[in-house]
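Worksheet for the structure shown next.
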Amino acid sequence: MDFSLGDDRRMMADSLSRYFSDTLDWEARQAAAHSEDGFSRDMWSGLTELGVLGMLFSEEAGGYGGSAFDAGAVFSEVGKALATGPFLATLMAGKVLEAAGDADTLADLIAGSRIITFADEPAINADGSVVAPVRATQDGDTWRLSGAKGVVDYLGAADLIVVTAETDAGPSTFLMDSDADGLKRRSYRLVDGGAAGELTLENTPARLIGEAGGAQAVIDAARAMGLVATVWEAVAIMEVLRDATIDYLGTRKQFGVPIGAFQALKHRMTTVALEIEQARSSAINAAAYFAKEPAVRDRFGSAAKYTIGKVGALTAEEAIQMHGGIGMSWEMPLSHFAKRLIMLDHVLGDEDAHMARYLKLAAS
């Protein structure tokens with residue numbers, strides 16, 4: 001079976017790589033990542049001009065891709081550049097809109113005229129309890145939502161929000177403006193760069209886009225695509241850390257020789273390289289099996305997410321340890337790549353959650 005990206009994906013990936021290289025040097029990345037929005041709007045506009053966001057969605061929806069491998073190719077370059085922005089939120093919210101047939105709104109996202117986010121995770125109290133699950137009630141021709149969502153990607157910068165909510169008939173999906181009545185946002189910056197926020201709704205008007213009965217399958221598919229994107233981003237970051245560490249081992253000298261010549265460090269680095277290849281295989285599997293039945297799709301997705309959590313921790317730890325104290329310095333990009341890699345383990349469920357999910361799916 002051929003798992004290569006193919007010419008079209010490779011060309012877009014190369015264009016995206018050059019774009020990040022030309023416009024997002026390290027100082028620009030740091031300034032954008034730790035700005036109020038958490039990303040550069042100029043960078044985002046440039047991506048839309050390149051047509052990058054269109055690669056995430058099908059031709060029927062106004063894009064020119066839409067497969068798991070298309071998403072993987074984009075997020076791999078995002079990982080290599082350590083770019084911040086509503087990439088994951090756009091992908092997941094866009095997949096919900098794509099399933100709903102909302103081509104007009106999706107066209108705005110692909111063109112970059114509006115920014116969207118995806119509010120799916122519940123807001124959590126300090127004791128682990130849910131603050132207030134979002135529920136939707138129908139008021140004539142309008143739906144109104146009340147409740148809270150937590151850690152919503154780039155909430156402060158969003159123009160539109162796709163929200164999952166419970167109705168009397170079951171889970172449904174809704175679209176609302178970020179300035180709708182009764183909507184409150186509390187934004188904050190994230191430890192690895194970028195931004196998120198807490199969303200509170202009180203009788204907030206919204207448009208139903210996914211009715212109960214079919215909405216849960218759409219939500220699950222959007223999360224599954226998000227998993228694929230996350231694991232491909234993580235593998236790309238592992239490769240950056242691996243290459244930076246190998247380069248350092250070849251240039252840093254002790255006792256007159258490069259420390260990479262020491263057998264103990266050679267063995268440790270070889271283990272890291274082999275584990276990264278295992279993570280890459282799991283990411284490819286997640287994309288290759290995405291179009292299968294949901295149980296199979298989710299099993300391979302969870303296997304990949306568990307693997308990148310485990311291998312990601314090893315890669316980050318070894319890269320920092322082999323660099324020594326300088327590996328933890330703010331000025332060195334390596335520490336920021338390592339931080340992002342560790343944080344990716346917690347996006348859409350950590351390795352413990354996905355190990356439990358995998359075992360459950362494998363036994364069914």
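The values are calculated or read from the model by the stated rules, or taken from the named source; none is laboratory data. These figures come from a predicted structure and were not determined experimentally. Cβ: placed from backbone, ideal geometry, glycine included. Neighbour counts: every protein chain shown. All accessible areas refer to the heavy atoms of the entire protein, side chains included, with ligands and DNA or RNA removed. Shrake-Rupley method; radii C 1.70, N 1.55, O 1.52, S 1.80 Å.
Rolling a 1.4 angstrom probe over the protein heavy atoms with all chains in place gives segment 157-230 an accessible area of 40 Å² per residue.
Pulled fully out, how much extra length does the chain show between Ala126 and Lys360, if you take 0.36 nm times their separation in residues and subtract their Cα-Cα distance?
Between Ala126 and Lys360, full extension yields an extra 81.4 nm.
Between Met92, Met322, Met11, the GNM of the chain built on Cα springs shorter than 10 angstrom shows Met11 fluctuating the most.
Comparing His346, His34, His267 in a Gaussian network model of the chain, where Cα atoms under 10 Å apart are tied by springs, the biggest mean-square fluctuation is seen for His267. In whole percent, what relative contact order does segment 1-137 give with Cα contacts below 8 Å and a gap of six or more residues? So the answer I get is 22 percent.
Just the number, please: carbon plus sulfur as a percent of the accessible area of the chain, 1.4 Å probe, no ligands or DNA/RNA counted.
Its accessible area is 51 percent carbon and sulfur atoms.
Towards the positive end of the charge dipole of the chain, with charges on Cβ (+1 Lys, Arg; -1 Asp, Glu), say which of Trp44, Ala169, Met322 has the farthest Cα. The one lying farthest along the dipole's positive direction is Met322. Alpha carbon centre of segment 169-188 versus segment 42-110: separation in Å? Each part's Cα centre sits 21 Å from the other's. Give me the log10 of I(q) over I(0) for segment 82-161 at q = 0.18, 0.19, 0.26 Å⁻¹, as the Debye formula computes it from C-alpha points; what are the numbers? Each listed q corresponds, in turn, to -0.88, -0.94, -1.21. Among Asn125, Asn285, Asn203, the residue with the largest mean-square fluctuation in a Gaussian network model of the chain, with springs joining Cα atoms closer than 10 Å, is Asn125.
With contacts taken as Cα pairs under 8 Å at a separation of at least 6 residues, the chain carries a relative contact order of 14 percent. With the whole protein complex present, Asp153 retains an accessible surface near 50 Å², based on a 1.4 Å probe.
With both labels modelled 7 Å from their Cα along Cα-to-Cβ, the Ala31 to Arg252 distance reads 3.1 nm.
Taking the Cα atoms of segment 272-364, the ratio Rg/Rh between the radius of gyration and the Kirkwood radius comes to 1.07. Lys292 sits with roughly 110 Å² accessible to a 1.4 Å probe, with DNA, RNA and ligands left out of the calculation. DSSP finds beta bridges in the chain, and of those with both partners inside it, around 90 percent are antiparallel. Between segment 264-284 and segment 222-246, the C-alpha centres lie 13 angstrom from each other. The trypsin sites (Lys or Arg not before Pro) found in segment 58-135 that occupy coil by DSSP, while having at most 14 further C-beta atoms within 10 Å, are Arg114.
Couplings 3J(HN,Hα) of segment 47-52, computed from phi: 5, 5, 5, 6, x, 4 Hz, in residue order, whole Hz [Karplus 6.51 cos²θ - 1.76 cosθ + 1.60, θ = phi - 60°; x for Gly and Pro].
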